[in-house]
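**Q** Would you mind keeping the following structure in view while I ask a few things?
The values are calculated or read from the model by the stated rules, or taken from the named source; none is laboratory data. Quantities reported herein were computed from a predicted structural model and do not represent experimental measurements. We place every Cβ from the backbone using ideal geometry, glycine too, and count neighbours over all the protein chains shown. Accessible surface areas use protein heavy atoms only, side chains included; no ligands, DNA or RNA. Shrake-Rupley method; radii C 1.70, N 1.55, O 1.52, S 1.80 Å.
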Amino acid sequence: MKVLVTGGAGFIGSHVVDMLVNKGHEVFSIDDMSGGFWRNINPSCKFEKINLVDKEKTSEFVKKIQPEIIFHLAADATEGRSQFTPINCTERNYNAFLHTLVPAIKTKRLKRFVAISSMSIYGAQKPPFSEEMRPCPEDIYGVSKTAMEETLKILADVYGFEYCIMRPHNVYGIRQNIADPYRNVIGIFINQLLGGRKYYIYGDGKQKRAFSHINDVAPYIVMAGFSKNCKNEVFNVGPSEEYSINHVSGLILKSFFGSLDKVPENQKPEHIPDRPKEVKNAYCTNSKIVKIMGYKTSIGLEDGIGEMIDWAKNLGYQKPRYLHELEIENQLTPKTWKEKLL
Ligand SMILES: NC(=O)c1ccc[n+]([C@@H]2O[C@H](COP(=O)([O-])OP(=O)(O)OC[C@H]3O[C@@H](n4cnc5c(N)ncnc54)[C@H](O)[C@@H]3O)[C@@H](O)[C@H]2O)c1
């Protein structure tokens, strides 16, 4: 089939493209390279560098290729930063989504739109989060993902195409942008160690998160585009085990240095104040995806971290890629970004 993957030069998107290419589909991909890498682009997909915030260019491209299935992964996913960049977050996560979807509807060829949302839509409700809970986002990123989800359901109903919404956990693994100083806790920690530096843990580190290896996410996103059972459904994606950031930090240090006793004094993590609006505990139930898509966790956190560290050591330290200036700031802006500590 003719499929379009937005964010195809990014971490999750590039794995999704690879799988679709391997399945023999005609794959088109868009990315503006704000967070993606040329090395991630599959040579067998038809790639175009476009910023989806550009309504005209996006519309022209979508109308030209007439995709039957769209996997929408492009986003500015810097959740903790979204309070300080509300305009950019809305443009890249909500407007960009509409700029992709609306021309696709107009072609009358669109069969299904797979939207990659996030657990941020659940906000500070009591975990574990289940799909029946109503969205109640705590941050601007979560608001933008909630708006995308709700708009998608309305337009699918009015214009008669199918949708599937996927809400992954913290995804990690090979090809993650470890140069991103705003997000991807595992990637940031590893990159700091590669640079011979320490990393910073926001708050007491007891906040809990669930982590998904990329191999336990990308195949289910692909399935969401084709399976009859996924039509007009919403899924949490990932394992149900949750871990504190301190625990994850210990696993990384152990794997990186071979043992916790070998961590150099100047590379021991430092705790700094919490980020504003950061949800303390965010993990969810996965019983729906287990039942409907046959989800099974194939790689545990310790092994997955070991694999990612091997890959990252090979890649080497990456100079952090700070994005454009924050739109608004105050005393709550984390010093890691204000002072560019990473
Ligand atoms: N990684 C996670 O832990 C996680 C968890 C939940 C949800 N998600 C969602 O999954 C999707 C992919 O995330 P990822 O971790 O692979 O991030 P990523 O940054 O590696 O990939 C996103 C890609 O989108 C591109 N992009 C951003 N804005 C764009 C624009 N306006 N036009 C064109 N391309 C644009 C970036 O260049 C990047 O290559 C995002 O929608 C994100 O919100 C990720």
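**Q** Working only within segment 207-251, note down all residues that are in a helix (DSSP H, G or I) and over 19 Å from the mean Cα position of the chain (by Cα).
**A** Phe226, Lys228, Asn229, Cys230, Asn246, His247, Ser249, Gly250, Leu251
**Q** Would you point out which residue out of Leu301, Leu326, Leu251, Leu315 is hydrophobic (A, V, I, L, M, F, W, C) and modelled with pLDDT under 95?
**A** Working: Leu301 fails: modelled with pLDDT under 95; Leu251 fails: modelled with pLDDT under 95; Leu315 fails: modelled with pLDDT under 95.
The unique qualifying residue is Leu326.
**Q** Also, quick follow-up: Go through (1) part of a loop (DSSP other than H, G, I, E, B); (2) open to solvent by 50 Å² or more (accessible area, probe 1.4 Å); (3) of a type outside the set (A, V, I, L, M, F, W, C) for Tyr295 and report which single condition fails.
**A** The failed condition is (2).
**Q** Report, by residue number, each residue of segment 167-207 that is aromatic (Phe, Trp, Tyr) and touching a Lys or Arg at 6+ places or on another chain (Cβ under 8 Å).
**A** Of everything in segment 167-207, those that are aromatic (Phe, Trp, Tyr) and touching a Lys or Arg at 6+ places or on another chain (Cβ under 8 Å) turn out to be Tyr182, Tyr202.
**Q** Taking segment 166-201, which residues are over 26 Å from Lys145 (Cα atoms), aliphatic (A, V, I, L, M) and surrounded by 22 or more Cβ atoms within 10 Å (Cβ to Cβ)?
**A** Once the filter is applied, which keeps residues that are over 26 Å from Lys145 (Cα atoms), aliphatic (A, V, I, L, M) and surrounded by 22 or more Cβ atoms within 10 Å (Cβ to Cβ), segment 166-201 yields Ile190, Leu193.
**Q** For segment 319-342, name all the residues that are more than 19 Å from Pro269 (Cα to Cα), polar (S, T, N, Q) and either under 21 Å from the mean Cα position of the chain (by Cα) or open to solvent by less than 90 Å² (accessible area, probe 1.4 Å) (or both).
**A** Once the filter is applied, which keeps residues that are more than 19 Å from Pro269 (Cα to Cα), polar (S, T, N, Q) and either under 21 Å from the mean Cα position of the chain (by Cα) or open to solvent by less than 90 Å² (accessible area, probe 1.4 Å) (or both), segment 319-342 yields Asn330, Thr333.
**Q** For segment 22-35, which residues satisfy the criterion of being farther than 21 Å from Glu91 by Cβ, open to solvent by 30 Å² or more (accessible area, probe 1.4 Å) and either not basic (Lys, Arg) or not assigned by TED's automatic domain parsing to the domain that holds Ala77 (or both)?
**A** Matches in segment 22-35: Asn22, Gly24, His25, Glu26.
**Q** Shifting gears a bit: Are any residues in segment 302-318 outside any helix (DSSP H, G or I) and open to solvent by 60 Å² or more (accessible area, probe 1.4 Å), and if so, which ones?
**A** Scanning segment 302-318 gives a single hit, Tyr317.
**Q** Any idea which residue in segment 117-127 is nearest to Tyr283 (Cα to Cα), counting only those that are outside any helix (DSSP H, G or I) and within 16 Å of the ligand (Cβ to nearest atom)?
**A** Selected residue: Pro127.
**Q** Just to be sure, is Asp204 open to solvent by 40 Å² or more (accessible area, probe 1.4 Å) and either assigned by TED's automatic domain parsing to the domain that holds Arg112 or modelled with pLDDT of 95 or more (or both)?
**A** No; evaluated as a whole, the condition is false for this residue.
**Q** Given Asn40, Asn88, which one is in contact (Cβ under 8 Å) with a residue 12 or more places away in the chain and more than 9 Å from the ligand (Cβ to nearest atom)?
**A** Selected residue: Asn88, the only one of Asn40, Asn88 that is in contact (Cβ under 8 Å) with a residue 12 or more places away in the chain and more than 9 Å from the ligand (Cβ to nearest atom).
**Q** Looking at Gly13, is it on the phi < 0 side of the Ramachandran plot and more than 6 Å from the ligand (Cβ to nearest atom)?
**A** Spelling it out, it is not the case that Gly13 is on the phi < 0 side of the Ramachandran plot and more than 6 Å from the ligand (Cβ to nearest atom).
**Q** What is the number of the single condition among (1) open to solvent by 20 Å² or more (accessible area, probe 1.4 Å); (2) closer than 30 Å to Asp274 by Cβ; (3) among the hydroxyl-bearing types (Ser, Thr, Tyr) that Ser82 does not meet?
**A** Of everything listed in (1) open to solvent by 20 Å² or more (accessible area, probe 1.4 Å); (2) closer than 30 Å to Asp274 by Cβ; (3) among the hydroxyl-bearing types (Ser, Thr, Tyr), Ser82 misses just condition (1).
**Q** So which residues in segment 13-29 are touching a residue at least 40 places away in the same chain (Cβ under 8 Å) and under 16 Å from the mean Cα position of the chain (by Cα), if there are any at all?
**A** Gly13, Ser14, His15, Val16
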